[in-house]
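Working notes for the structure below.
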């Protein structure tokens, strides 16, 4: 059998060809440039905003992944014409002017949290009966607080099993408006869903946060994107948002590269002592996860900010204590980097990631221990104590971020295998291809 190129994940030839892949360590620092695909968070938001708009929208840079496909398919089931061209990453959407036309629809959302939460709010704007469901893990992910807030605004959404999780049944009758308390500590997606649906209500909507908001940059993203479609949100007081009845207007919109995905390439530079440039991102990005490079900078890396690029230069790494609440999707990336730092790293204030695609705190702790690493699991995060790393096959828990993060370990340590690599299709189907190209100097 031909030896795979350095850093390239090779098929598991001992069993199913896609059951696991081996990551071969690189023999030199990684140097190159890469442009990740469009942001999943932006793609799913812009599809909803274009769907609710009056008129047509043409979108560019659209991500083609499992999470975005289920969003497109569900909007189509709601009677909204969406044409997605995966070949050139574009989409055309004929907006419904705030009223989904389908009288009934069954929506299957796999394990896409953004899709089921955003579409539960969208369904409340229709006139009909709608069911939203997903895979077994989705049925463990909370959505009851969102249903309660929608119902306070005149919606009719209920968790069918009475446990605060999907499946969700919606009897659409439009939203009348009013005031709703919004649980903020579980997921920012609840607030984003309510914000995007509220302009289509019959009367003004006041949203009042209950608890500390997690992942706040995603709310800034949502509001800025609403503004791009002609809608304004009043945010005069902390924890309070007011949205008057307004119309979204169809427009052209470009989706920027995914900053969460970019974190893996920045981290590759950090762990190999290399230099990697991610194109299409800057300080002005909509995505808070560009701040991950500031975490790497605290660990010792150099960071260069361009007008439409960010470069990370790997240096000797030191452990840090960091609050990652606002960039929690990069916590697993940092956990992989922490293995190669001098001294422990404490990741804190990310308790909400226990309710993601898997319990990410528990999953990271378990797999680090499988690698022979001492780790302290806390309610809100982890403390990682670097030490010798042993070979292992990493269980990914059907979580795309587990696969992509732990692949970084294999760039330095021989014998690292990633189980179920296809789970990266959720947000980044070509991740391992792009990692190979970067490692081979082709990017």
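Just so it is clear, none of the values below were taken in a lab; they were calculated from the coordinates. The structure displayed is predicted, hence computed values, not measured ones. Every residue, glycine among them, receives a Cβ derived from its backbone with ideal geometry; neighbour counts consider all protein chains shown.
If packing is taken as the average number of other Cβ atoms within 10 Å across a peptide's residues, how do 177-189, 77-89, 407-419 rank, most packed first? Could the numbers behind the result be given before it?
Values: 177-189: 19.7, 77-89: 16.2, 407-419: 21.8.
With the highest mean Cβ count within 10 Å placed first, the list reads 407-419, 177-189, 77-89.
In terms of the Cα gyration tensor, with a ≥ b ≥ c the square roots of its eigenvalues, is segment 347-415 rounded because a/c is under 1.5, prolate because a/b exceeds b/c, or oblate?
Values: a/c = 2.26, a/b = 1.35, b/c = 1.68.
The shape class here is oblate.
Give me the percent relative contact order of the chain, please, defined on Cα pairs under 8 angstrom at least 6 residues apart. Relative contact order, the chain: 18 percent.
By counting other Cβ atoms within 10 Å of each Cβ, how are 71, 196 ranked from fewest to most? Write out the running numbers ahead of the final one.
Values: 71 29, 196 26.
Listed from fewest to most nearby Cβ atoms, that is 196, 71.
Applying 1/(1 + (r/R0)^6) with R0 = 51 Å to the Cβ-Cβ distance of residue 297 and residue 181 gives a FRET efficiency near 0.85.
Taking Cα atoms, how many degrees apart are the long axis of helix 259-272 and the longest axis of the chain, rounded to 10 and kept between 0 and 90? Rounded to the nearest ten degrees, it is 10.
What ranking do 72, 276 get, fewest neighbouring Cβ atoms within 10 angstrom at the top?
Values: 72 23, 276 26.
Lowest count first: 72, 276.
Helix 360-370 and the longest principal axis of the C-alpha atoms of the chain enclose an angle of approximately 20°. Under the simplified labelling scheme, the residue 158-residue 440 pair shows an inter-label distance of 5.6 nm, with each label point 7 Å from Cα along Cα→Cβ. Counting other Cβ atoms within 10 Å as a rough exposure proxy, the listed residues 347, 373 run 373, 347 from fewest neighbours to most. Evaluated at q = 0.17 Å⁻¹, a Debye calculation over the C-alpha positions of segment 279-417 (equal weights, vacuum) places log10 I(q)/I(0) at -0.93.
Reported to the nearest whole Å, the Cα centre-to-centre distance from segment 267-289 to segment 299-329 is 8. What do you get for the angle between helix 66-77 and the principal long axis of the chain? Use alpha-carbon atoms, 0 to 90 degrees, nearest ten. Roughly 20 degrees between the two axes. Our helix-only sum for the chain, with -39,500 (n - 2.57) per DSSP H run of n ≥ 4 divided by its residues, gives a mean residue ellipticity at 222 nm of -8500 deg cm²/dmol. Taking the alpha carbon gyration tensor of segment 40-254, multiplying each eigenvalue by 5 and rooting it gives semi-axes of 22, 20, 17 Å, largest first. Considering only alpha-carbon pairs that sit under 8 angstrom and 6 or more positions apart, the relative contact order computed for segment 150-208 is 33 percent.
Rounded to the nearest 5, what % of the DSSP beta bridges within segment 23-149 are antiparallel ones? Rounded to the nearest five, the antiparallel share is 65 percent.
Across q = 0.10, 0.19 Å⁻¹, segment 171-330 modelled as identical point scatterers on its alpha-carbon atoms has Debye log10 I(q)/I(0) values of -0.47, -1.12, in the order of the q list. If I take every Cα pair under 8 Å that is 6 or more residues apart in segment 40-254, average their sequence separation and divide by the length, what percent do I get for the relative contact order? After rounding, I find 21 percent. The modelled label-to-label distance for the pair residue 304/residue 76, using points 7 Å beyond Cα in the direction of Cβ, is 4.4 nm. Take each peptide in 280-290, 299-309, 254-264, 314-324, count the other Cβ atoms within 10 Å of every residue, and average; sorted highest first, the result is 254-264, 280-290, 314-324, 299-309. Each residue, residue 422 and residue 240, gets one label point 7 Å from its Cα in the Cβ direction; the gap between the two is 5.2 nm. Shape of segment 382-443 from the C-alpha gyration tensor: oblate (a/c of 1.5 or more and a/b not above b/c, with a ≥ b ≥ c the square roots of its eigenvalues).
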